[in-house]
Structure formats: C-alpha cells, structure tokens
Amino acid sequence: MIVETILMIIVAYLLGSINWAYILGRAVKKIDIRKYDNPGVAGAWRQLGPKWGALVALLDIGKAALPVYIAKVLFLPEEQYIPIILVVLAVTVGHSWPIFLQFRGGMGLGTTMGALLILLPKEFGIAFLVALIVGLGLWLILKKKKATVAYGAMIGYILMPILTWMRFKESHPLFILTLLLFGIVIIRQIPPIKRFTERR
C-alpha cells in the first residue's frame, strides 16, 4: 500500500492547494483576498460576507473530506492510522501553504473540519457547536471586529484534543492527529512563518 499512500498524499496536498476563498474573491468581488485578509474561511467571512464565507467553509470541508474518507475506507479497517494521518496533514498543509498561490494560504479551518468530520464525527460535532456559538456570538456583539470567527475556531481547535482524549483515554493516533492539527495553527503564528504566509 506504499504506492497508494504516496499517491493519496500527493492528491490530498493538491486538493488542499485549491483555495476557494481566493477563487470566490476573484469571482464575486474581483479582488485578491490575500491583499486584504487571510485567504481562508475566516477571511472570506470577513471580506466577502457570511454567505460567501459559509460557501468557502463547505467547499473547504469537501476538499478535505473526500481524500480523508477514501483513506479511511482503505486503511481504517486494518487500523493503519499513519497513512490516514499523513493524508489529513497533506490536505491541511496544502491549504495553508498552497503550491498554486505561492504557498500563501489560509489557516486550515475548513480542511480541519472536513477531516475531523470524517474521522471523529461526535467529537467534531461538540467542538463545532461550541466554536459556532462563540464565533457567531462575538460576531453579533462586536460586528466588524476582525478576529471574531478566528476566536471561535481557536476554541474548537483546543477542544478537539480534549474531547478525543476523553473518548480513548490514551495517546490514540487520532488524539495525536488533533494535536498535530493544532500545532499547524500555532506554527503559522510564528512571526517569520506568518510574515512569509501573509506577505503582500
């Protein structure tokens, strides 16, 4: 299955590199969203509006859910978690550092959601509900404050490892995956990496 794993990782990365916030920004407002915001779900929500932000979220979820679902079907019955984790990381890295946009991508919110929806649906559902309440609540209260959606997303990222640990009660591979996904978010905030990713 080595060849299949390598091919899936490549395909996952390329799917992740399709940046729907950038594509819809060009189509809807004729703008390069990278000049105004982060080219992801939160940036699309702020720059294109809630309707288009929600559409970007659905498309990003879909581009991650597809390869992760295929990996789950192929590898999970035999409890081969490493290929699944690599596919998840590939699609997330593709979104955050897309080859099609000179490695200037989004935070990976939608792709993370798509992957976790397939692998940990119950835990994702709880984390998503809490994150949604926090994000929408802050958006309604603060209106145009830039970081409201991101605050909700960060709550979700923090909750996922906690909920996954509560389920397995051990360092299960999927628990490690949630930590790795949270780590990608943290890495993107390291000043040199953040400046590179968000350079104009």
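The values are calculated or read from the model by the stated rules, or taken from the named source; none is laboratory data. Treat the numbers as computed from the prediction; the structure is a model and nothing was measured. Methodologically, a virtual Cβ is constructed for each residue, glycine included, from the backbone with ideal geometry; neighbour enumeration extends over all protein chains shown.
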query: Just checking, which of Leu142, Leu101 is among the aliphatic types (A, V, I, L, M), more than 24 Å from Glu4 (Cα to Cα) and surrounded by 15 or more Cβ atoms within 10 Å (Cβ to Cβ)?
result: Leu101
- prompt: Is one or more of the residues making up segment 1-9 surrounded by 15 or more Cβ atoms within 10 Å (Cβ to Cβ) and either without any contact (Cβ under 8 Å) to a residue 60 or more places away in the chain or in contact with a Lys or Arg (Cβ under 8 Å, 6 or more places away or on another chain) (or both)?
  reply: no
- request: Would you check which residues across segment 71-80 are under 12 Å from Thr5 (Cβ atoms) and surrounded by fewer than 17 Cβ atoms within 10 Å (Cβ to Cβ) and list them?
  value: Gln80
query: How do the pairs read when you match residues in segment 110-127 that are within 18 Å of Val185 (Cα to Cα) with residues anywhere that are assigned to a loop (DSSP other than H, G, I, E, B), using Cβ under 8 Å and keeping only pairs 6 or more apart or on different chains?
result: Gly110/Gly40
message: Considering only segment 70-80, I want to know if a residue exists there that is outside any helix (DSSP H, G or I), of a type in the set (S, T, N, Q) and closer than 17 Å to Met8 by Cα.
response: yes
- prompt: Which number in (1) modelled with pLDDT of 90 or more; (2) small (Gly, Ala, Ser); (3) surrounded by fewer than 16 Cβ atoms within 10 Å (Cβ to Cβ) marks the one condition that Gly94 misses?
  reply: (3)
- request: Count, please, the residues in segment 22-47 that happen to be assigned to a helix (DSSP H, G or I), surrounded by 24 or more Cβ atoms within 10 Å (Cβ to Cβ) and not aromatic (Phe, Trp, Tyr).
  value: 6
task: Go through Gly106, Gly110 for me and flag whichever is modelled with pLDDT under 90, part of a loop (DSSP other than H, G, I, E, B) and surrounded by 14 or more Cβ atoms within 10 Å (Cβ to Cβ).
output: Gly106
message: Kindly evaluate Val68 against the criterion of being over 16 Å from Ile187 (Cβ atoms) and either in contact (Cβ under 8 Å) with a residue 40 or more places away in the chain or crowded, with 24+ Cβ neighbours inside 10 Å (or both).
response: yes
statement: Within segment 148-196, residues buried (at least 20 other Cβ atoms within 10 Å of the Cβ) and either small (Gly, Ala, Ser) or at pLDDT below 85 (or both) come out as Thr148, Val149, Ala150, Gly152, Ala153, Gly156
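Residues are listed down the side, and each one gets a yes or a no for (1) out of contact with any Leu (no Cβ under 9 Å at 6 or more places or on another chain); (2) of a type outside the set (Ser, Thr, Tyr):
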{"position": "Arg34", "(1), (2)": "no, yes"}
{"position": "Lys51", "(1), (2)": "yes, yes"}
{"position": "Val68", "(1), (2)": "no, yes"}
{"position": "Tyr81", "(1), (2)": "no, no"}
{"position": "Leu89", "(1), (2)": "no, yes"}
{"position": "Gly110", "(1), (2)": "no, yes"}
{"position": "Gly125", "(1), (2)": "no, yes"}
{"position": "Leu129", "(1), (2)": "yes, yes"}
- request: Please name all residue pairs, on different chains or six or more residues apart, with Cβ atoms under 6 Å, provided the first residue is in segment 45-62 and is farther than 13 Å from Tyr22 by Cα and the second residue is of a type in the set (A, V, I, L, M) and modelled with pLDDT of 90 or more.
  value: Ile61/Met113
- request: Determine which single condition Leu14 fails, assuming it passes every other condition in (1) surrounded by fewer than 15 Cβ atoms within 10 Å (Cβ to Cβ); (2) at pLDDT 95 or above; (3) of a type in the set (A, V, I, L, M).
  value: (1)
